[in-house]
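The structure appears right after this line, and notes come after that.
The values are calculated or read from the model by the stated rules, or taken from the named source; none is laboratory data. All figures in this text were calculated on a predicted structure; none of them were measured in a lab. Note that each Cβ is placed from the backbone with ideal geometry, even for glycine, and that neighbours are counted across all protein chains shown. Protein only, heavy atoms only, side chains kept; ligands, DNA and RNA dropped before computing areas. Shrake-Rupley method; radii C 1.70, N 1.55, O 1.52, S 1.80 Å.
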There are 2 protein chains.
Amino acid sequence: MPSYKAPVEEILFLLSDVFPIQRYNNLPGFAEATPDLIEAILSEAAKLCEETLLPLNQPGDRTGCIRNKDGSVATPRGFKEAYRAFVAGGWVGLSADPNLGGQGLPYTLAAIVNEFASSANMAFAMYPGLSQGALAALLTHGTDAQKKIFVPKLISGDWSGTMNLTESHCGTDLGLLKAKAVPNGDASYAVFGEKIFISAGEHDLAENIIHLVLARIEGAPAGVKGISLFVVPKILIEADGSLGAANKVTCGSLEHKMGIHANATCVMNYDGAKGWLVGEPNRGLNAMFVMMNEARLGVAIQGLAVSEVAYQNAAAYAKERLQGRSLAGPKYPEKPADPIIVHPDVRRNLMTIRAFNEAARALVIWTALKSDIAHRSADKSEVQAAADCLGLLTPVLKGVLTDIGFDNTVKAQQVLGGHGYIEEWGMEQFVRDARIAMIYEGANGIQALDLVGRKLAKDGGRAVIAFFGEVKSFIKDNEGDAALAPYLTGLKQGLAHLEQATLWFMQNAIAKPDNAGAGSYDYMHLFGLVALGFMWAQIAKAALAIKPAGNGDAAAMDAKLLLAKYFMERIMPESGAHLARISTGAATMMALEAEQF
Amino acid sequence: MPSYKAPVEEILFLLSDVFPIQRYNNLPGFAEATPDLIEAILSEAAKLCEETLLPLNQPGDRTGCIRNKDGSVATPRGFKEAYRAFVAGGWVGLSADPNLGGQGLPYTLAAIVNEFASSANMAFAMYPGLSQGALAALLTHGTDAQKKIFVPKLISGDWSGTMNLTESHCGTDLGLLKAKAVPNGDASYAVFGEKIFISAGEHDLAENIIHLVLARIEGAPAGVKGISLFVVPKILIEADGSLGAANKVTCGSLEHKMGIHANATCVMNYDGAKGWLVGEPNRGLNAMFVMMNEARLGVAIQGLAVSEVAYQNAAAYAKERLQGRSLAGPKYPEKPADPIIVHPDVRRNLMTIRAFNEAARALVIWTALKSDIAHRSADKSEVQAAADCLGLLTPVLKGVLTDIGFDNTVKAQQVLGGHGYIEEWGMEQFVRDARIAMIYEGANGIQALDLVGRKLAKDGGRAVIAFFGEVKSFIKDNEGDAALAPYLTGLKQGLAHLEQATLWFMQNAIAKPDNAGAGSYDYMHLFGLVALGFMWAQIAKAALAIKPAGNGDAAAMDAKLLLAKYFMERIMPESGAHLARISTGAATMMALEAEQF
């Protein structure tokens, strides 16, 4: 059975030394989050994830969810109790408005807890995770009455939420969707249609399930401009707030999937289910994007989370497994063989994963802080700058953290050799689970298009110009520091390639949008390299500051510096290959006729 | 259910125009392989794979193998009939000596048929595939009596073979193995021990199973120099050749694996099983390498094979799935949306796969031809040159074709979005099946070490010098051809990087072997890029020669030229990143203390 230890120490370092969270004490909820409280919260979350969620992960994968004949769905043994413990701890509403039952703490902390939970048990963490998307949509676009009915119950975890977008013939292209809503004459609608791939669509963890459903009001225009968002509870709610009759929405079947077996992926049938409009008619896509952006960051965190737990188990194996001798002569001559950690190629796998994980974690925190500013600051220009950055970085995090996170689970599995391929050790489950994160909430190719086609040009490139400016300022401010130089050189090179690629799009993709599409995926990854490199430069700076002060763990700081160096030496060089590919444009790939594929 | 069509046309092009097989008519078995016969053989193999093996692939994955209480193992429904059809077609002995019941045709053809079978049903193809390793060991190291008893039955497929190397505490480092052989006083030994991860170790397809087992003769030296190879039949053979009593070898359990569910991966218990020495005592590792080299090429082919079938299904989906509109304006305005093949990023995935598949197929054939020369030529210097090349390229093919083959199944899965993640479409099975090829027959990190630590320096670098020479001669001979220039530029650049990396090892790795280990994986992939690029340059040359002659399918040749260009534009640029990584050496990755991982 795999093990897991939440990286609490490392996060405390990030929150105190790299991105000092006290700087944000002017924001609501931040002053309350004192260092002591943060440590207590993280330790408590770590305990829950390590002791309660982790032991259910492998058994949950084996059992999966079971749909009963009456359409109800049973989650694996132990999930109900774990869910009760999770919601009792107040984790669903950690960063939610205290007036609605939340704890009002920074979203940044909720993002960190999400990492722990997803490392310990990704399939489990999705159940409360999906409530967040529903909450975001209702808080932003719901009526006061809707908020009053649904939000406190979602925050308490008594009820859970879902997002119902996909139909069998449309996922990315929601303009094609067919689900229909017919006015009932009162304020409600009768919703009809079949939705597929609905995560947590039906289960036995919560008393009620609140579906947020995209459908077309009868007579609405075709395409994306005729789509509305509805809230459709599984069980209808009486005027006094108590649960009433079952609504006409049922789980038709469960999908058999590659992974996340313990999360119920449902076909949902709406047979005239009662629903209420959320936001304006025909503006559902707009309301839905609120859910999606929230969800995309959550998925990015899953990529990191599974990479982290996979790393921990691969590293533990590499330190224990005795096999072969060091190329430089036996390191442990008293043992029958050296542990495989002596082999450079085993270290290459492990350091490649870790050089990503630590920077990705910093990037998640950095981005989450932007989200906190965007949602809580009273300063309009601060809000705009943070929202710009959040919008720009969201597709980068979703695409890059899930792609590399998955690659890393494969690398970690490889460290175990044949033992990585059999179920017993749990490594192959990480690969199967991590794989979905590259697909759902917008496949990564869509993230790349969102970045290049929408986010880059938005507001005259304001967001990307500001991001480049921030990285450059950091380089300029620190260039005089000789100790930091090895970490800045690679970052400068990567940034130069990213700027060249951006310029190339400006010159070549406006007249020929296929040139943007052809380079979008490489651009997203190039952007990710620079963002991760920027994190390493900042981590290195903090580590260098701590070392001579002697007020930290010097060996741990040395390890960070080595990982930063490794990133610049071994991972950043990919930037040149990305630029080369982007610069070749679309001509070759568009020349082949469709029938020749 | 996934579909599959064997690439017969493409292979005929490779065998007639790129590497004209008639050139080798001086070798035994080649003159018999007339163009007509080759086409007939490939068509027959294609039919068997498409119609018999493919339909069993997805059901076989779902059912898996079942171990009965008596230790016998049942393969999935239909496998017995398919195996009977396979062996009745003479496919096991396609390239084996006619004097022993084989057909004596080129090994190159057997390699091609192996690709078809592994595309259609990798788990099935492993059963007859494993007989090849056993055959190779017996033919090279067996006594005449052993050959007479075992070889014809293995070739006919009445019996199948296995390789028993791994024990729970040792895979890569066979020097640690504990299985024991005690002389029985006659010519036989009593073999004791537990072997794990034994593919096709027990099943119901053949009358008997011939295990080739590594064990230590009682009193033999410790380490690799005390290991011997034994042949241990599941059922003992009477003096008249008929089957006798059961031997004391049983399947203790089946592993639960990520994929290849339809192949029985067994824990094998040897409880004093009767075995006979193959080759000299304590020279078992030597004899075993004969099996391994054969098997490594077979595994490389699996990487290509699964990549191919994944490509075909992703391409078919991309041409049918309607979703969104071309960035350049609707391509099919009469349809509700364009097929997703209009999107550059979908094409990027597909062309990246195909630009690998076609070159990898050429590389398999090119290498298989070297194997044919090495085993069949009467010219000693020709044999040496071919054997050098085969030895050098075997780890490159095993490592690169399985790594990229796996990546490609992930890319192909991504084309289907959410549909790629559910079992129904079969794409996730390709990912799970392809994954093992990176691990077994020597994990890919071991291949990289074999290449850098053993093959490069062997005989004063004779093999690698000859390979570089062959590529350079091709470039030099064709540099005057302006039409070919676009395909040579990238190859030259890649070769220059590979030569620089080789030089770097010579200068930096002899005194510090960790520098070789640290760069070995990148070097293997850099070598693969050059080898694949060399194939594309040769394919481009053949395509350019065919076009004006008008004696081929001009559109198909144009497609090859576009794919060659795509490879040089989008895949070859990785060579610079590999060189950059190699040149950083081992210092950073070795500096971290083991306990800090």
Which of the residues in segment B:501-538 show a loss of at least 40 Å² in accessible area from their chain by itself to the complete set of protein chains, at a probe of 1.4 Å? B:Pro513, B:Asp514, B:Tyr521
Over all residues in A:565-574, what is the mean tally of Cβ atoms on other chains that come within 10 Å of each residue's Cβ? 5
Output for segment B:382-481: GluC sites (Glu not before Pro) sitting in coil per DSSP, at most 14 other Cβ within 10 Å, listed by number, reads B:Glu479
For the protein assembly as shown, with equal point scatterers placed on the C-alpha atoms only and solvent neglected, what are the log10 I(q)/I(0) values from the Debye formula at q = 0.05, 0.08, 0.09 1/Å, to two decimals? -0.34, -0.89, -1.13
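Tell me the relative contact order for chain A as a rounded percent, counting alpha carbon contacts under 8 Å between residues six or more apart.
So the answer I get is 12 percent.
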Which FRET efficiency, nearest 0.05, do B:Ser242 and B:Lys147 yield, Cβ-Cβ r, R0 22 Å? 0.75
Taking every residue of A:411-421, the Cβ atoms of other protein chains inside 10 Å of its Cβ average out to 6
Please compute the per residue accessible area over the protein assembly as shown with all protein chains in place, 1.4 Å probe, rounded to a whole number of Å². 35
Over segment A:144-282, what per residue volume does the convex hull of the Cα atoms give, in whole Å³? 111
Quick one: dipole size for chain A, taken about the Cα centre, charges +1 on Lys/Arg Cβ and -1 on Asp/Glu Cβ, in debye to the nearest 20. 600
Between B:Asn286 and A:Glu320, the two model label points (7 Å from Cα along the beta-carbon direction) sit apart by a distance in nm of 3.8
Relative contact order, percent, of segment B:430-553 when contacts are C-alpha pairs under 8 Å separated by at least 6 residues? 33
By average Cβ neighbour count within 10 Å, what is the ranking of A:343-351, B:316-324 from highest down? A:343-351, B:316-324
Can you list the copy-to-copy distances for A:Glu44, using a point 7 angstrom from Cα toward Cβ, in nanometres, shortest first? 7.4
Express in whole angstrom the spacing between the alpha-carbon centres of segment A:128-161 and segment B:455-515. 62
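Calculated from DSSP H runs of 4 or more alone, at -39500 (n - 2.57) each and per residue, what is the 222 nm mean residue ellipticity of chain B, nearest 500?
-17500 deg cm²/dmol
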So, counting K/R as plus one and D/E as minus one, what does the shell of residues with Cβ under 14 Å around B:Phe467 add up to? +1
Cα-centre dipole for segment B:144-282 with unit charges at Cβ (Lys and Arg positive, Asp and Glu negative), debye to 20: 260
Would you tell me the mean number of C-beta atoms belonging to other protein chains that fall within 10 Å of each C-beta in A:166-178, as a whole number? 4
A:His375 to A:Ala88: extension gain in nm, 0.36 nm per residue of separation minus the Cα-Cα distance? 100.7 nm
Quote the total accessible area buried by chains A and B together, excluding ligands, DNA and RNA, probe 1.4 Å, nearest 100 Å². 7900
What nm distance separates the two modelled labels at A:Glu44 and B:Glu207, each placed 7 Å from Cα along Cα→Cβ? 7.2
Which of the trypsin sites (Lys or Arg not before Pro) across segment B:69-99 are loop residues per DSSP, with 16 or fewer other Cβ within 10 Å? B:Lys69, B:Arg77
Just order A:94-105, B:239-250, B:385-396 by mean Cβ neighbour count inside 10 Å, highest at the front, would you? B:385-396, A:94-105, B:239-250
Counting Lys and Arg as +1 and Asp and Glu as -1 over every other residue whose Cβ sits under 9 Å from the Cβ of B:Asp522, the net charge comes to +3
From the label point of B:Asp240, set 7 Å along Cα to the beta carbon, how far off in nm is each other copy's matching point, shortest first? 9.1
Every other copy gets compared here: list the nm distances from the B:Asp70 label point (7 Å along Cα to Cβ) to its counterparts, shortest first, one decimal. 4.5
Threshold 10 Å² - residues in segment B:429-465 whose accessible area is reduced by that much or more when the chain is no longer isolated, probe 1.4 Å: B:Val431, B:Arg432, B:Arg435, B:Ile436, B:Met438, B:Ile439, B:Ala443, B:Gly445, B:Leu449
What the Cα atoms of segment A:21-133 span along the principal axes, largest first and in whole Å, is 53, 27, 18
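Across segment B:459-590, how large is the tail of the calculated P(r) beyond 24 Å, expressed as a percent of all Cα pairs?
37
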Evaluated at q = 0.10 Å⁻¹: base-10 log I(q)/I(0), Debye formula over Cα of segment B:311-437: -0.46
Once the Cα gyration tensor of chain B is diagonalised, what are the square roots of 5 times its eigenvalues, in whole Å and ordered largest first, as equivalent ellipsoid semi-axes? 39, 29, 25
Ignoring ligands, DNA and RNA, what percent of the accessible area of segment B:1-159 is carbon or sulfur (1.4 Å)? 53
Alpha carbon centroid spacing (whole Å) that separates segment B:44-103 from segment A:360-439: 43
